[in-house]
Amino acid sequence: MKTSLFHSLIILSVLAIFATPLKLNACSCGEFPSFCERAIDYDLLLVRIIDHQMATYPDGFQELFTQVEVLIDRDQGEYADTISLVNQNGVNCNGDIFNLPAGDSLIVSIPFPEIASWPEELSNVPTYSSYDLFGCGTYFLRVENGKLGGGIAEIVDLSAFLVNPAGNCPVINSTDEANPFGAIQLTPNPVVEELRVLNLTSTQIQFELYTIDGRPIHSIDLRAKQVGTFPMSDLPSGVYIVRQIADRQEQSQLIIKH
């Protein structure tokens, strides 16, 4: 019997889940190549870490929050003096600020400046407004002694970066080639009620939701910088596939439904 490439990918993805320890550390989406290539296009904040906080669902799954003091709102996005940044729980290939010490200063990129909402069953949610971080790639730069550093470029002055981020950005090394799926965010994952789909790329992308055995459920087309949702509350718990199609290329991402 002939097996399609898509169904082969599903089979391999399922095998990968059961061959992986309980904490999923494998990448489930493509990274964008560099903070300096895409992240600087969104709202940039200079922040100082206050503390970290875990909120918990009844089933024990946790959301990770980092409270920060906003020192400079470079793009005048009217953020509050103190906000929470939502980590991605290690499921995607994103940088981790949850384990950085309090007092560290960062330049943070907010890709979609909309305050996140949380279901009532999630306990211990911070009282501050929460904002999603990138699900894939590098969404922050560390500040040390007034400098930004890292990667292949020379260390640059923070003051110069704030004046002209594109012209004074310390490029972060990446061996990944740019791809049309490099700035897609599917959140939250695991999901309970609604899966939010953020197309932060410059390309129109088709998103298709499938059961793990390949049965289609929903489909949406999102233009560049557009947001959509997949309702998940009526679906049984388990593993689902979000297929992403653009520019004659495609990839699939696993979604866990609680």
* Asked: Each label point is 7 Å from the Cα along the Cα-to-Cβ direction; what then is the distance between the points at residue 160 and residue 115, in nm?
  -> 3.8 nm
* **Theoretical FRET efficiency, 1/(1+(r/R0)^6), r = Cβ-Cβ of residue 249 and residue 50, R0 45 Å, to 0.05** => 0.65
* How much length, in nm to one decimal, is gained on full extension between residue 61 and residue 225, taken as 0.36 nm per residue of separation minus their Cα-Cα distance? -> 56.1 nm
* Structure fact -> In this structure, the FRET efficiency calculated for residue 129 and residue 100 from their beta-carbon separation, with R0 = 25 Å, to the nearest 0.05, is 0.75
* All other residues with a Cβ under 13 Å from the Cβ of residue 69 taken together, and with Lys, Arg as +1 and Asp, Glu as -1, what is their net charge? -> -3
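Throughout, read-outs are computed from the coordinates displayed, never taken from laboratory work. All values reported here derive from a predicted model rather than from experimental measurement. For neighbour counting, all protein chains shown are included, and Cβ atoms are generated from backbone atoms with ideal geometry for every residue, glycine included.
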